[in-house]
1. For the range 63-84, name all the residues that are more than 18 Å from residue 137 (Cα to Cα) and either under 10 Å from the mean Cα position of the chain (by Cα) or part of a loop (DSSP other than H, G, I, E, B) (or both).
2. Could you tell me which numbered condition residue 118 fails, if it satisfies all but one of (1) surrounded by fewer than 16 Cβ atoms within 10 Å (Cβ to Cβ); (2) in contact with a Gly (Cβ under 8 Å, 6 or more places away or on another chain)?
3. For the range 87-105, give me the residue count where each residue is more than 10 Å from the ligand (Cβ to nearest atom) and either in contact with a helix residue (DSSP H, G or I) (Cβ under 9 Å, 6 or more places away or on another chain) or not in a strand (DSSP E or B) (or both).
4. Test of understanding: among 108, 96, which residue is open to solvent by less than 30 Å² (accessible area, probe 1.4 Å) and in contact (Cβ under 8 Å) with a residue 12 or more places away in the chain?
5. Of the conditions (1) out of contact with any Lys or Arg (no Cβ under 9 Å at 6 or more places or on another chain); (2) buried (at least 21 other Cβ atoms within 10 Å of the Cβ); (3) closer than 18 Å to residue 44 by Cβ, residue 89 satisfies every one except a single condition; which number is it?
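The values are calculated or read from the model by the stated rules, or taken from the named source; none is laboratory data. This is a predicted model, so every value here is computed, not measured. Because the Cβ atoms are built from the backbone with ideal geometry, glycine has one as well, and the counts that use them run over all protein chains shown. What goes into the accessible areas is simple: the full protein's heavy atoms, side chains included, and nothing from ligands, DNA or RNA. Shrake-Rupley method; radii C 1.70, N 1.55, O 1.52, S 1.80 Å.
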Amino acid sequence: MKLNRRKFIKRTLIALATVEAFFLLRGSVNKVDTSSGTTELFNAGKATAFDKNKLYPFLTGQFFLKRFEDGGFLAMSFKCTHLGCVVNTNSKTGGFNCPCHASQFNKFGEVLSAPATRPLDYFPITIEKGELLIDTRKPIRRSSFNKSQLTYL
Ligand code: FES
């Protein structure tokens, strides 16, 4: 069965919402104000609830939370860095594909094939009382992946 792009994007968003609903039902996803009250952060839940070497999509935050083999966390934007379409996960590569113009990204968000020219943006993560707080207001541009982008417990 061949899907047109609109149906494909719709089904992808429904799938992402389903995964996020799971976390919502567990009570682990909500928005919180930091102690300063000046920055709203996205609370993804207890860091220990995330398995290593897995990817977790958060629809309302519009990011993928990846926990790598060494335990490091990286929150990558849904937005393709070409023209801003929502990227999909690629279960074969562990990376991401863009349905609009076929850019591909690896599991670190780095470009594997154009037209995108730079990796997916990532968001700063802080850990407070064991909970992952993602600042989705501050996407960080980068030219490549390096370990300094990861956050550890
Ligand atoms: S918007 Fe992703 S490849 Fe064009």
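1. Going residue by residue through the range 63-84, those that are more than 18 Å from residue 137 (Cα to Cα) are 66-72, 82-83.
Hits for the range 63-84 are 66, 68, 69, 70, 71, 72, 82, 83.
2. The one condition residue 118 does not meet is (2).
3. 6
4. Values: 108 fails: open to solvent by less than 30 Å² (accessible area, probe 1.4 Å).
After applying the criteria, what remains is 96.
5. The one condition residue 89 does not meet is (2).
Yes or no, residue by residue, for (1) closer than 19 Å to residue 70 by Cα; (2) part of a loop (DSSP other than H, G, I, E, B):
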| position | (1), (2) |
| --- | --- |
| 109 | yes, yes |
| 112 | no, no |
| 117 | no, yes |
| 133 | no, no |
| 136 | no, yes |
| 143 | no, yes |
| 148 | yes, no |
| 153 | yes, yes |
